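Engineer: Mind looking over this structure? Questions follow.
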Amino acid sequence: MNQIKRVGKMLAIVLVLSMVIQLAIPNYFTAVANAATIAINPQKVTLEVGKSKTLKITGTKTKAVWSSSNTKIAAVSNTGKVVAKKAGKAKITATINKKKYTCAVTVKEAKKTNPLVDAAPFKAQAATTADFTYIFPGSWSTIVTDAGAYQQVYMAPTSAIETGNSSNLVLALGNLDSPIDAETLKMAYQQVTADLLVSQFAQLGMEVTIDNLAINPYKNSFGLGYAIKYDISYGGVSMKQTIYDIYTDKHEFKVTITDIGDKLSPDVNKIADYLIKTMKISE
């Protein structure tokens, strides 16, 4: 702490001294400024189509004459404003007293935006796995693995993707050989009990306890669905899990929410809700 204070004092002293010196001999500093080297700033720039950037000339007050080597790629105004027209490369030149100063301009195609990404209640990104395109936080990462008949996407904050010490989502994506009718699904989910879930975890080598199991139909825009909610304890840690099983005529996808109570922001349940609502499936 004392070292930080000493450094701070030294910087303050240097600043004050420089100001005093400039006030004492202003003509010297004015002369140095007038003798500054003329330059174009920046000397290199990359723009997307439709974007613009105003170039500056430093070291002189003389007005520059601006020109572009290819106005179809990048046009420039008489004030140095460059507008990107189409992908390619161009050279912008500022002429001052017959001397030329150039800026290399690279124009790239504008990135296509996804309106569903832009409309997300959090800073988002989109990804595609198999036939499914889904939206999740831009600060999250994914690990994709094969899990039998499913492709499984584990999603969590990038800072916790390897450690698993965070609330998270798991997206399981699969195809159906034929459509499943509502009555068949109803009968199947009526057989799901806490004991059945405990036994499934046991097959994975996990000894858990499950309480407050609730299974209900889940309305969604895709077709049939069920929501399974329960409290689970494993290894001395208590958490809440919700599984949304959703079926179309050709596909099934499951979204499993694991909430460890870490008050993740954005909230993991809101992330799952938006992911499900905006899921796109390629037929």
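The values are calculated or read from the model by the stated rules, or taken from the named source; none is laboratory data. Values in this document were obtained by computation on a predicted structure and should not be read as measured data. FYI the Cβ positions are ideal-geometry reconstructions off the backbone, even for glycines, and counts take in every protein chain you see.
Engineer: Go through the range 239-281 and give me each residue that's aliphatic (A, V, I, L, M) and in a strand (DSSP E or B). Give the derivation first.
Structural biologist: From the range 239-281, those aliphatic (A, V, I, L, M) are 239, 243, 246, 255, 257, 260, 264, 268, 271-272, 275-276, 279, 281; that's our starting set.
Hits for the range 239-281 are Met239, Ile243, Ile246, Val255, Ile257, Ile281.
Engineer: What's the number of the condition Ile57 fails, among (1) free of Cβ contacts under 8 Å to residues at least 60 places away in the same chain; (2) in contact with a Phe, Trp or Tyr (Cβ under 9 Å, 6 or more places away or on another chain); (3) surrounded by fewer than 17 Cβ atoms within 10 Å (Cβ to Cβ)?
Structural biologist: For Ile57, the failing item is (3).
Engineer: In addition: Looking at the range 260-283, which of its residues are closer than 15 Å to Ser166 by Cα, at pLDDT below 95 and of a type outside the set (S, T, N, Q)?
Structural biologist: Ile260, Gly261, Asp262, Lys263, Leu264, Pro266
Engineer: Given the options Ala104, Ala119, name the one that is under 30 Å from Thr133 (Cα atoms), of a type outside the set (Asp, Glu) and modelled with pLDDT of 90 or more. Full working, then the answer.
Structural biologist: Details: Ala104 fails: under 30 Å from Thr133 (Cα atoms).
The match here is Ala119.
Engineer: Give the residue that is nearest to Thr193 (Cα to Cα), with candidates limited to residues of the range 218-238 that are free of Cβ contacts under 8 Å to residues at least 24 places away in the same chain and assigned to a strand (DSSP E or B).
Structural biologist: So in the range 218-238, the residues free of Cβ contacts under 8 Å to residues at least 24 places away in the same chain come out as 219, 225, 227, 229, 231, 235-238.
After this cut, where a residue has to be assigned to a strand (DSSP E or B) as well, the list is 225, 227, 229, 231, 237-238.
Working: Gly225: 17, Ala227: 13, Lys229: 11, Asp231: 13, Val237: 21, Ser238: 19 Å.
Looking at residues that are free of Cβ contacts under 8 Å to residues at least 24 places away in the same chain and assigned to a strand (DSSP E or B), I get Lys229.
Engineer: Scan Ala156, Ala182, Ala188 and give me the residue that is crowded, with 17+ Cβ neighbours inside 10 Å and among the small types (Gly, Ala, Ser). Full working, then the answer.
Structural biologist: Working: Ala182 fails: crowded, with 17+ Cβ neighbours inside 10 Å; Ala188 fails: crowded, with 17+ Cβ neighbours inside 10 Å.
Testing whether each residue is crowded, with 17+ Cβ neighbours inside 10 Å and among the small types (Gly, Ala, Ser) leaves just Ala156.
Engineer: While we're here: For the range 111-161, enumerate the residues that are closer than 17 Å to Thr258 by Cβ and assigned to a loop (DSSP other than H, G, I, E, B).
Structural biologist: If the condition is that a residue be closer than 17 Å to Thr258 by Cβ and assigned to a loop (DSSP other than H, G, I, E, B), then Ile161 is the only one that fits.
Engineer: Can you name the residue in the range 227-267 that is farther than 18 Å from Ala214 by Cβ and hydrophobic (A, V, I, L, M, F, W, C) and, of all such residues, is surrounded by the most Cβ atoms within 10 Å (Cβ to Cβ)? Write out each step before concluding.
Structural biologist: Here is the first cut: in the range 227-267, the ones farther than 18 Å from Ala214 by Cβ are 234-237, 247-253, 260-267.
Then keep just the ones that are hydrophobic (A, V, I, L, M, F, W, C); that gives 237, 253, 260, 264.
Working: Val237: 10, Phe253: 26, Ile260: 17, Leu264: 19.
Among those residues, the one meeting the criterion is Phe253.
Engineer: On the given criteria, is Gly205 surrounded by 11 or more Cβ atoms within 10 Å (Cβ to Cβ) and at positive phi? Spell out the reasoning first.
Structural biologist: Details: surrounded by 11 or more Cβ atoms within 10 Å (Cβ to Cβ): no; at positive phi: yes.
Taking the combined requirement at face value, the residue does not satisfy it.
Engineer: Moving on. Considering only the range 180-212, state which residues are within 20 Å of Ile276 (Cβ to Cβ) and not hydrophobic (A, V, I, L, M, F, W, C).
Structural biologist: Tyr189
Engineer: While we're on this one: So, in the range 86-125, exactly how many residues are over 30 Å from Lys61 (Cβ atoms) and out of contact with any Gly (no Cβ under 6 Å at 6 or more places or on another chain)?
Structural biologist: 18
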